[in-house]
Amino acid sequence: MELAGVGVSPGIAVGEALLVEREAIAVFRLLLPPGELEGEVQRLRRAVEASREQLQAIKERLARQIGSPHAYLFDAQLLMLEDPMLLDRTVAVIREEHLNAAWALRTVAERLQALFEEFSDAYLKERRTDLDDVLGRIQLNLAGTPGAPSLSRLPRPHVLVAEEIPPSEAAELDWENILAVITDGGSATSHTAILARSRGVPAVVGLRDATRRIPAGALVVVDGERGRVEVEPSQPALAGYRAAQERARVEEERLQGTRALKAATRDGVGVRLLANAEFPEEARTAALYGAEGIGLFRSEYLLGRALTWPSEERQVEVYQGLLDAVSPFPVTIRTWDVGREDLAPGGPSSPNPALGERALRLLARDPAPFLAQVRALLRAAAHGPIRMMFPFVGGPRDLRLARELVGRAVGELAREGLPFRADVPVGLTLELPSAALTADLLAREADFFSVGTNDLIQYLLAVDRMDPRVAPLYEPLHPAVLRAVKRVVDAADAAGRPVSVCGEMAADPLQALVLIGLGVRELSMSPAAIPRVKAAVRAATAASARSAAAACLDMATAEEIEDHLRRALGLASGTGVVVPS
Ligand code: PEP
Ligand code: MG
């Protein structure tokens, strides 16, 4: 590979490349009470002062190292810090508009940046880089000052409006103070959406330009059920939303009361309702919602913000913690479901990451993290009932790779004399069409299946689950999806293997009933969805679900299927509206 550019400093060097990425920090607007404004001005002054000291130190070091004539490079930045256009104006915005320092600085910065854009002189235009550098430095110093508000520590409840929320950031959000989440990108099965659902926080994604169209501080109403966002609603509309919100709250309370009730249909067919979890704390909420265990633990959170593989010891601790939280129920832990792009964002990416090098496909490149995880799972299993689940399995060959890995880990642990269990059930997330078509073969070698409908739908229908432009084509009730699930359930039943569904279909009452009609007896979903699905299960009969599902298998479109199910099962859609108070 050869790259062409512009040589600007002569010489030749050979060495290992160090890839550098810029980390942006999140900046947001907060309206502050008058009593907090002076404190905010002080924080700004401290951040500017810290920036000045840092720049001065850099300048002095540069003068020592390469001589003072070059140190003038930083004079421009030091001068910008003195400039009343920057500091005084930002202070004025804080005081006059009652805004937090970071946002005030951003609004002032935008005006200054626009000024720089207008310069025709190349040298002056180039100083825009200095301006951005100085602003970035002040923002970082502001974020580092004691008492700085951050997305993990908001002073009061807000509706979060963002382009996208990366999973690592979503994990650290101050969820207690987040009324709703709305994003330009994302989809129903993006991890932020899944997380919002599990926290019971309404979310609307795929809005494309919400961040451009919603002014900061505007009053917004988010209807997470219908995917609608209303900005500055009229008084009558607001009153209507508040009434709907109250109805939803009462309904939620009623559903919460169902925790101790059995999940069984009116004709006595029991359905096990389990929880999906992304973070260990969710395991505790799962128990509160009446989950009979964890049907899917997405272990990727363990990679953390730094995206580094966790040690085996740390994993053993976390997996045992999950077992303790839901004891005596079992926990199904999914092994690393990551792609190369997830591990090194910004690096070389596959043209289609969903079809690229991910999960077990990374084994050949780097088996160590997979082996460490399997070892940790076998060790934690000595503490309680664990099931090990491999994602992205395309057929028996992939499953054999997984089994070989387990065999290797068992051999190692036995030699080392550490406590572990060798007979941990090994199953797969059934989420690829190739796995659905070979389900009978897989059932001979797998201990269980968990149907990952989120991906199964995406791959069966060739609809990217992350692309909002094709979101209307993402049809859980497409005949191909129902037929695939039926095939998998039949194959599992014939081989006497348990089969559950852990995709989002399990969390939708109507879709859950059709799954039950197809023979599924175990559903795993966001904890907050459990009461609603339980209510639907208790109101239905397995016989009617079975005959409705059988009829659907002969229908041509998702619309016909949905219509039929609504009529046959008598389910209307509910509402989940949030209005900031
Ligand atoms: C799925 O694919 O259905 C699933 C449960 O896993 P994820 O959403 O993490 O891909
Ligand atoms: Mg999946």
What ³J(HN,Hα) values, in whole Hz, does the Karplus curve 6.51 cos²θ - 1.76 cosθ + 1.60 give for the range 392-407 when θ = phi - 60°, with x put for Gly and Pro? 6, 8, x, x, x, 4, 4, 5, 5, 4, 5, 5, 4, 4, 4, x
When the chain is fully extended, how far beyond the present Cα-Cα distance does Ala550 get from Arg64, taking 0.36 nm per residue of separation? 166.8 nm
At a Cα cut-off below 19 Å, give the lysines reachable from Lys262, other chains included and same-chain residues fewer than 8 away excluded. Lys534
Ratio of alpha-carbon Rg to the 2.2 N^0.38 Å globular estimate for the range 273-312, to two decimals, please. 1.31
In which sequence would Ser234, Ser187 go, from the one with the fewest C-beta neighbours within 10 Å to the one with the most? Ser234, Ser187
Shape descriptors of the range 192-323 over alpha-carbon atoms, Rg and Dmax in angstrom, are 19.4, 57
Hydrodynamic radius of the range 265-422 per Kirkwood, over alpha carbon pairs, in Å: 16.6 Å
So for the pair Arg208, Glu97, with labels modelled 7 Å out along Cα→Cβ, what separation do we get in nm? 2.7 nm
In terms of Cα to Cα distance under 25 Å, which lysines are near enough to Lys125, apart from those fewer than 8 places away along the same chain? Lys59
For the chain, give the share of DSSP beta bridges that are antiparallel, in percent and rounded to the nearest 5; count only bridges with both residues there. 25 percent
One finds the C-alpha centres of the range 170-197 and the range 347-370 to be spaced, in Å, by 26 Å
Neighbour counts of other C-beta atoms within 10 Å: give me Trp103, Trp309 arranged from fewest to most. Trp309, Trp103
Nearest 10, in degrees from 0 to 90: the angle of helix 479-495 to the longest Cα principal axis of the chain is 60 degrees
Going out from 0 in 10 Å bins, what whole percent of all Cα-Cα distances in the range 49-127 drops into each bin? 17, 37, 33, 13, 1
Mind pulling up the Rg/Rh value for the range 401-505? Radius of gyration and Kirkwood radius, both on Cα. 1.10
Rg [Å, one decimal], Dmax [Å, integer] - the chain, C-alpha atoms: 27.4, 87
Just how large is the dipole of the chain about the Cα centre, in debye to the nearest 20, putting +1 at every Lys and Arg Cβ and -1 at every Asp and Glu Cβ? 1520 debye
With a 10 Å Cβ neighbour count serving as the proxy for reagent exposure, in which order, fewest first, do Glu431, Glu300, Glu313 appear? Glu313, Glu300, Glu431
To the nearest 500 deg cm²/dmol, what mean residue ellipticity at 222 nm is calculated for the chain from DSSP H runs of n ≥ 4 alone, each contributing -39,500 (n - 2.57), summed and divided by the residues? -15000 deg cm²/dmol
Taking only C-alpha positions in the range 87-217, Rg and Dmax in angstrom work out to 17.4, 54
Give me the three principal axis extents of the range 455-528 from the C-alpha atoms, as integers in angstrom, largest value leading. 40, 28, 16
Any number yet on Rg/Rh for the range 21-82, C-alpha, Kirkwood? 1.14
Choose one of Ile165, Asn141, Gly200: the residue whose Cα lies farthest towards the positive end of the charge dipole of the range 88-208 (beta-carbon charges +1 Lys, Arg; -1 Asp, Glu; about the Cα centre). Gly200
Per residue, how much space in cubic angstrom lies within the convex hull of the C-alpha atoms of the range 449-581? 125 Å³
At a Förster distance of 35 Å, what's the computed FRET efficiency of Ser311 paired with Val27, Cβ-Cβ distance as r, to 0.05? 0.55
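None of the figures in this text is laboratory data; all of them are computed from the coordinates on show. Please read all numbers here as calculations on a predicted model, not as lab measurements. Heads up, the Cβs are rebuilt from the backbone with ideal geometry, glycines too, and the neighbour counts pull from every protein chain shown.
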